[in-house]
Amino acid sequence: MKTVVITGGSSGIGKPAAIYFQQQGWQVAGTMRSPEKEKELNNLPNVKLYALDVTQPASVEQTLQEIQKDFSKIDVVVNNAGFGADGVFESMSNEFIEKQFDPNVFGLTRVTREAIKIMRNQKSGTIVQIASMGGRLAFPLFSSYHATKWAVEEFTESLQ
């Protein structure tokens, strides 16, 4: 049975992805900041939830190691954690912009780094980065969000 790790599994694309993989017969390691609050995924067979905050390097390292220990192999990582926000750029504080970049870009790179370590050791694996059409074109008022998604696109392209 194959194993998939999905970050940001409590909402957005992450939750339906977890359900889809589970329905296809995969073992699902769903990650989110507060797994104890998740009701639907907790009741599905072959789904195990893990606390993970992609903005915390120790959390990323510890959680991926725990998942590997529990399932012995990680076949796929779906890097989905992040959020979108809009607003007039001039009114955005540096803290707001950093809050947008931390999960969307730096969190994704943290998870990718740990996944690569595991997958190189097991000599197989696939990493799927969830970006957005916002990584290919831009709309007014989404400058910070678009910047994160462009970063994900180019980071991922360089890894290929």
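Where a number appears in this text, it was derived from the coordinates with a stated rule and is not lab data. Predicted model, so just to flag it, every value in this text is computed and none were measured. Counting neighbours? That spans all protein chains shown, and the Cβs are built from the backbone with ideal geometry, glycine included.
Summary of computed values
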read-out: Any hit, the stretch 84-95, residues being among the acidic types (Asp, Glu), in a loop (DSSP other than H, G, I, E, B) and surrounded by 13 or more Cβ atoms within 10 Å (Cβ to Cβ); value: yes
read-out: Test: residue in the stretch 109-118 that is within 24 Å of VAL28 (Cβ to Cβ) and touching a residue at least 60 places away in the same chain (Cβ under 8 Å); value: yes
read-out: Count of residues meeting criterion [of a type in the set (A, V, I, L, M, F, W, C) and touching a strand residue (DSSP E or B) at 6+ places or on another chain (Cβ under 9 Å)] in the stretch 144-159; value: 3
read-out: Count of residues meeting criterion [in a loop (DSSP other than H, G, I, E, B), over 15 Å from the mean Cα position of the chain (by Cα) and free of Cβ contacts under 8 Å to residues at least 24 places away in the same chain] in the stretch 1-32; value: 1
read-out: Among (1) touching an Asp or Glu at 6+ places or on another chain (Cβ under 7 Å); (2) surrounded by fewer than 18 Cβ atoms within 10 Å (Cβ to Cβ), the one test that TYR145 misses; value: (2)
read-out: Of all residues making up the stretch 119-142, the number that are in a helix (DSSP H, G or I), in contact (Cβ under 8 Å) with a residue 24 or more places away in the chain and either crowded, with 18+ Cβ neighbours inside 10 Å or basic (Lys, Arg) (or both); value: 2
read-out: Top-ranked residue of the stretch 33-65 - restricted to ones that are among the basic types (Lys, Arg) and assigned to a loop (DSSP other than H, G, I, E, B), ranked as surrounded by the most Cβ atoms within 10 Å (Cβ to Cβ); value: ARG33
read-out: Selection status of VAL152, under 19 Å from VAL28 (Cα atoms), of a type outside the set (Lys, Arg) and either part of a strand (DSSP E or B) or in contact with a helix residue (DSSP H, G or I) (Cβ under 9 Å, 6 or more places away or on another chain) (or both); value: no
read-out: Among (1) part of a loop (DSSP other than H, G, I, E, B); (2) crowded, with 17+ Cβ neighbours inside 10 Å - the single one LYS73 does not satisfy; value: (2)
